[in-house]
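The values are calculated or read from the model by the stated rules, or taken from the named source; none is laboratory data. Just so it is clear, the model here is predicted, and its values are computed rather than measured. FYI the Cβ positions are ideal-geometry reconstructions off the backbone, even for glycines, and counts take in every protein chain you see.
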Amino acid sequence: MPKIIKNLTDLEIRMAKPGETKQDGKGLMLIADTNGNKRWTLRYQRPDGRRNMIGLGSYPDISATIARAHADEIRQRLLQGIDPVDHKKSEKLKQETAIRGTFKAVAAEWYAHKSKGWAKETARKAREILDDSLLPRLAKKAISEISSADIKLVLLEIHERAPRLAIKARQYSNQIIHYAIQEGLREDGRELSLKGALPDCKKGHYAAVTKPSDLPALLKAIEDINSIHSKVALLVCLYTATRPGVVAGMRWDELNLDSKEWHIPASRMKMGNDHITPLPDQLISMLCKLRDPAGESPFVFPGISDPVNKHIHRDSLSKVLRENGMRDKTVTHGFRATFRTIARERLRIAPDVLEAQIAHAKKGEVQAAYDRTQFLEDRHKLIQQWADYIDALKNNETVVPLFKNAV
């Protein structure tokens with residue numbers, strides 16, 4: 001017959017000597033460490049049959065009565081097949097997630113961690129994807145519980161308006177979940193399963209119009225757009241070959257309509273350099289018409305919901321093109337290829353002048369020394385002729401090359 005172990009008395013607990021272990025019954029023990037500290041430990045058998053131990057706290061912070069009550073709770077869970085160590089980890093995870101555990105909170109931590117090593121433009125684009133695409137639907141969801149299915153629904157919605165953006169949003173979602181696991185806010189092994197979640201996308205360059213014969217269809221599609229802001233923004237992209245994200249965020253204080261120039265600060269340029277782009281007469285008249293209706297907004301193309309603080313989204317421009325018959329034919333970023341290809345082949349523009357307008361940093365060039373006014377006089381002529389060329393195509397007129405001897 002097994003020996004019945006009686007509960008320890010207060011005197012026995014107080015008199016326990018360093019290095020001594022005293023049994024309190026049913027696996028509960030008081031361990032007196034060599035440094036004099038005393039702690040409660042419960043020895044138990046896991047649901048899978050393995051033996052294990054779990055700490056219940058230090059004495060006298062945890063009295064014998066409380067330690068026995070904790071031990072009884074653990075025994076009850078064991079009867080239900082719940083390992084106390086796993087339960088303890090789960091409870092700790094719940095506490096952590098209650099404080100830091102929404103998708104929004106973890107995304108903010110991830111962004112702060114990753115953006116330290118990013119270029120300003122990369123950080124801006126990532127912030128934009130979070131704020132405009134992922135957080136509106138996922139912000140309040142618990143990071144410990146969010147599923148692949150939850151995120152897939154959001155990614156498919158993004159894919160409808162901007163397929164390439166959806167790919168980047170999937171990448172960021174995976175990274176946020178991975179960061180949560182590393183921070184102990186989500187169980188190990190619970191990565192997302194989003195491979196194949198998006199429809200196949202054609203790989204390669206952005207879709208673009210690169211034949212003069214296809215330009216009239218593009219111009220007709222732009223002309224048929226109802227929104228004046230979207231229409232003018234697309235023409236800015238087409239006439240100046242500026243990146244659509246930069247165009248969408250165009251500010252009135254960046255424009256000098258008298259000198260027909262748009263001064264873009266380095267913080268908004270991918271290469272991190274100030275850039276000046278000339279503006280053709282066609283755009284000057286359009287921008288003047290937009291000035292008065294702009295009201296208090298600092299943006300030339302203000303957002304509908306919050307015009308003072310937000311501008312239109314760059315992806316809305318490609319979306320409106322798709323809706324007006326240009327799906328798979330071109331996207332707004334493709335306008336840069338349109339400009340680079342046709343202006344070179346048909347207008348015989350010198351490559352260096354084209355590259356300066358597109359704002360590509362030259363290989364081997366020290367970025368900080370990049371001249372924002374490079375070929376500015378030539379680019380003023382180029383942009384006006386390019387705009388005239390586009391208008392001439394609509395009217396079937398003859399276009400005379402600007403630089404006849406360019407190579």
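In this structure, is THR122 more than 24 Å from ARG186 (Cα to Cα), of a type in the set (S, T, N, Q) and not assigned by TED's automatic domain parsing to the domain that holds ASN324? Here the answer is yes, as THR122 does meet what is asked. Within the stretch 141-166, the residues that satisfy the criterion of being at pLDDT 90 or above and either of a type in the set (Ser, Thr, Tyr) or more than 22 Å from GLN182 (Cβ to Cβ) (or both) are SER147, SER148, ALA149, LYS152, LEU153, VAL154, LEU155, LEU156. Residues in the stretch 138-147: is at least one part of a helix (DSSP H, G or I) and surrounded by fewer than 17 Cβ atoms within 10 Å (Cβ to Cβ)? Within the stretch 138-147, none of the residues are part of a helix (DSSP H, G or I) and surrounded by fewer than 17 Cβ atoms within 10 Å (Cβ to Cβ). Using the structure shown, decide if ALA180 is touching a residue at least 60 places away in the same chain (Cβ under 8 Å) and either basic (Lys, Arg) or in contact with a Lys or Arg (Cβ under 9 Å, 6 or more places away or on another chain) (or both). Considered against the rule, which asks whether it is touching a residue at least 60 places away in the same chain (Cβ under 8 Å) and either basic (Lys, Arg) or in contact with a Lys or Arg (Cβ under 9 Å, 6 or more places away or on another chain) (or both), ALA180 comes out as yes. Screening ARG161, ARG251 for residues that are in the same structural domain as ALA123 (by TED's automatic domain parsing), surrounded by fewer than 18 Cβ atoms within 10 Å (Cβ to Cβ) and among the basic types (Lys, Arg) leaves exactly one candidate, ARG161.
Checked against (1) in contact with a helix residue (DSSP H, G or I) (Cβ under 9 Å, 6 or more places away or on another chain); (2) among the aliphatic types (A, V, I, L, M); (3) at pLDDT 80 or above, ALA337 meets all criteria but (1). Remark: pairs (first residue in the stretch 223-236, assigned by TED's automatic domain parsing to the domain that holds LEU317 and on the phi > 0 side of the Ramachandran plot; second residue crowded, with 22+ Cβ neighbours inside 10 Å and modelled with pLDDT of 90 or more; Cβ separation under 9 Å; 6+ apart in sequence or on different chains) are absent. The residues of the stretch 38-61 that are touching a Phe, Trp or Tyr at 6+ places or on another chain (Cβ under 9 Å) and either at pLDDT 90 or above or of a type in the set (Ser, Thr, Tyr) (or both), listed by number, are LYS38, ARG39, TRP40, SER58, TYR59. With respect to the conditions (1) over 27 Å from VAL209 (Cβ atoms); (2) without any contact (Cβ under 8 Å) to a residue 40 or more places away in the chain, ASP253 lacks only one, and its number is (2). Screening ALA392, ALA369 for residues that are at pLDDT 85 or above and surrounded by fewer than 19 Cβ atoms within 10 Å (Cβ to Cβ) leaves exactly one candidate, ALA392.
Scanning for something within 18 Å of the chain's Cα centre (by Cα) and free of Cβ contacts under 8 Å to residues at least 12 places away in the same chain, does the stretch 201-219 turn up at least one residue?
Within the stretch 201-219, not a single residue is within 18 Å of the chain's Cα centre (by Cα) and free of Cβ contacts under 8 Å to residues at least 12 places away in the same chain.
Look at the stretch 114-135: where a residue is touching a residue at least 24 places away in the same chain (Cβ under 8 Å) and a partner is assigned to a helix (DSSP H, G or I) and among the aromatic types (Phe, Trp, Tyr), sitting 6+ places away or on another chain with Cβ atoms under 8 Å, you get ALA126/TYR111; ALA126/TYR172; ILE129/TYR172; LEU130/TYR111; LEU130/TYR172; LEU134/PHE103; LEU134/TYR172; LEU135/PHE103. I want to confirm something. Restricting to the stretch 29-73 and keeping residues that are in contact with a strand residue (DSSP E or B) (Cβ under 7 Å, 6 or more places away or on another chain) and β-branched (Val, Ile, Thr), which single residue is farthest from ASP10 (Cα to Cα)? Result: ILE54.
Within the stretch 243-292, restricting attention to residues that are among the hydroxyl-bearing types (Ser, Thr, Tyr) and in contact with a Lys or Arg (Cβ under 8 Å, 6 or more places away or on another chain), which residue is nearest to THR338 (Cα to Cα)? My answer is THR277. Of all the numbered requirements in (1) within 23 Å of ASP274 (Cβ to Cβ); (2) surrounded by 18 or more Cβ atoms within 10 Å (Cβ to Cβ), ARG186 misses one, and that requirement is (1). Among the residues making up the stretch 32-44, a single one is among the hydrophobic types (A, V, I, L, M, F, W, C) and within 10 Å of SER58 (Cβ to Cβ): TRP40. The number of residues in the stretch 254-273 that are buried (at least 17 other Cβ atoms within 10 Å of the Cβ), under 25 Å from the mean Cα position of the chain (by Cα) and not in a helix (DSSP H, G or I) comes to 4.
Restricting the stretch 1-16 to residues that are at pLDDT 85 or above, of a type outside the set (A, V, I, L, M) and assigned to a loop (DSSP other than H, G, I, E, B), the residue that is nearest to ALA69 (Cα to Cα) is ASN7.
Could we say that LYS152 is farther than 25 Å from VAL236 by Cα and touching a helix residue (DSSP H, G or I) at 6+ places or on another chain (Cβ under 7 Å) here? No, not satisfied.
Taking the conditions (1) in the same structural domain as LEU192 (by TED's automatic domain parsing); (2) loosely packed, with under 12 Cβ neighbours inside 10 Å in turn, ASP61 satisfies each one other than (1). Each residue in the stretch 192-216 was checked for being surrounded by 14 or more Cβ atoms within 10 Å (Cβ to Cβ) and either more than 30 Å from ILE143 (Cα to Cα) or modelled with pLDDT under 85 (or both), and 9 pass.
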